Amino acid sequence: MGSVWSLFGYGNHGRTDDPDPVTGLTSRDRYHVKTSWAGVMKNPTENGVALLILLFEKYPTAKEVFPFRDIPNSELAKNARVKVHANAVVYAIASIVDAIDNVDLLVPMLEKVGTSHGPRKVSEEQFLQLKETIVELFSKFMKKEEVEAWKKALDVVMSVINKALKTYLDGH
Ligand code: HEM
């Protein structure tokens with residue numbers, strides 16, 4: 001972020017002409033992801049539960065891989081195990097957001113998510129369903145440019161995860 005950009009009022013929003021060579025995300029994309037995520041983290045558990053419930057409403061088959069598959073959607077929000085899991089997912093996404101400026105850390109972190117979900121019978125399609133669900137949820141309270149940055153970031157996130165998942169599945 002150079003001073004010239006600051007003079008034009010872009011100082012805090014990042015540049016649009018500096019895509020990271022690995023992720024393709026500009027500093028402005030990363031700025032929007034990081035600042036909007038801070039809003040999600042004000043209520044991590046509630047937002048995580050809302051994300052899981054929306055995922056199951058949109059894609060009922062996604063629920064089948066979870067240990068709480070037999071609990072009706074209307075009762076998920078008060079279930080302790082669901083809350084623990086929702087919290088774990090939100091904090092995992094927080095680590096991903098924290099590493100967004102550091103691809104050397106980001107890529108192996110995402111690969112680990114892909115590999116660790118292989119034995120849980122999670123499919124590549126389900127990661128893409130989660131992406132659609134995150135975008136839908138965030139569209140309810142984020143600005144348009146923030147949602148666009150998330151779409152771009154999630155494309156990268158899910159493609160790295162899915163590549164690692166495919167490698168895992170090919171070997172098992
Ligand atoms: C960015 C995407 C995702 C992240 C960051 C993520 C993160 C996590 C974390 C942190 C855990 C618990 C810790 C662990 O055991 O590794 C977990 C468990 C799990 N995840 Fe994911 N996950 C993602 C996507 C998905 C998707 C798309 C599904 C299926 C639709 C899924 C299904 C599961 C299941 C079934 C468990 C085990 C739950 C349990 O035994 O209580 N995850 N995930």
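What follows draws every value from the coordinates through simple rules; no lab data is involved. Since the structure is predicted, the reported quantities are computational estimates derived from the model, not experimental observations. Cβ sites come from the backbone with ideal geometry, for glycine too, and all protein chains shown count toward neighbours.
Miscellaneous remarks
- Taking a straight Cα-Cα cut-off under 29 Å and skipping sequence neighbours fewer than 8 places away in the same chain, the lysines within cross-link reach of K112 are K34, K42, K58, K63, K83, K121, K131, K151, K152, K163, K166.
- On Cα atoms only, tilt of 44-58 relative to the major axis of the chain in degrees: 60
- For region 42-100 versus region 134-172, the gap between their alpha-carbon centres in whole angstrom: 16
- Degrees between helix 103-117 axis and first principal axis of the chain (Cα, 0 to 90, nearest 10): 10
- Taking Cα atoms only, the orientation of helix 124-139 departs from the longest principal axis of the chain by about 60 degrees.
- With the charge dipole of region 24-170 set up from +1 on Lys and Arg Cβ and -1 on Asp and Glu Cβ about the Cα centre, the Cα lying farthest toward the positive end among the listed residues M158, G114, F68 is that of F68.
- Cα gyration tensor shape for region 89-151, rounded if a/c is under 1.5, else prolate or oblate: oblate
- Within region 123-154, backbone nitrogen closer than 17 Å to the virtual label 7 Å beyond the Cα of Y59 toward Cβ: 123-139, 151-154
- For Y168 and K34, the difference between the fully extended length at 0.36 nm per residue and the C-alpha to C-alpha distance is 45.2 nm.
- Global form of region 27-172, assessed from the alpha-carbon gyration tensor, a/c cut-off 1.5: oblate
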